[in-house]
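Comments concern the structure below.
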Amino acid sequence: MFNDIGLPELATLIVLAMLVFGPDKLPKLIQDVTRTIRKIREFSDSAKQDIRKELGPEFKDFEFEDLNPKTFIRKQLDNEDLGLKEIRNGFDLKKEMAEVTDAVTGRDADSSAASSSSSASAVSPVSAAGASAGPAGGRVDMTKKPEGTDRDDRPPFDADAT
C-alpha cells in the first residue's frame, strides 16, 4: 500500500505530524495507532481461522489471497494443465502486427514478404480486393469517401433509436 513512499515523503510526513500534533502528544499517538493496527490484525486472523474451521478439512489449502482477482487470474494462467504457456510462447506479436499493418495499408504480397517475412496468404485476399476496388494499382485508399455519396444523403431519422 505504501511501497512507493520514499525518504523525502517520509520526512515530510514526520515534520507535518510534529507540527500538527506537537512533540509531546506524538509518542502517545504512535502508541495508539500501533495498538489499533495490532487489534485489527488479531481480529482478521481470528476471522480467517473461524472461516477455515467452518469450511472444514476439504478447504485446508484455501488461501484468502486467492480471492483477489489478480492473484486468481495469475494462478490460472500459470496453470500447466491448460497449455496456455505454449500458446503464449507460440504467438509472435511483431509478426502479427506486421501482417495487420500490411493488410491495412494494402501492400502487395511480394513487398511485404521481402520486408517483414510474413506469409503471403494473410495479405493476398486484401491485395486482391484492393486491385479490383480502386485505380491505385492494388491499394485501397481508406481516407477517401466513396464516390457518389453526397453530404446531404443522411440516413432517415429514427426516433425510437435515439
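Below, the figures for the structure above:
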| item | result |
| --- | --- |
| Restricting the range 1-40 to trypsin sites (Lys or Arg not before Pro) in coil, as DSSP defines it, with at most 16 other Cβ within 10 Å | Lys25 |
| Linear extension gain, Lys75 paired with Ile87, 0.36 nm per residue minus alpha-carbon span | 2.7 nm |
| Accessible area per residue, Å², the range 9-48 with all protein chains present, probe 1.4 Å | 87 |
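The values are calculated or read from the model by the stated rules, or taken from the named source; none is laboratory data. Worth saying up front: this structure is predicted, and the values here are computed from it rather than measured. Cβ coordinates were reconstructed from backbone atoms using ideal geometry, including for glycine residues, and neighbour counts include every protein chain displayed. Please note that ligands, DNA and RNA were not included when accessible areas were found on the heavy atoms of the full protein model with its side chains. Shrake-Rupley method; radii C 1.70, N 1.55, O 1.52, S 1.80 Å.
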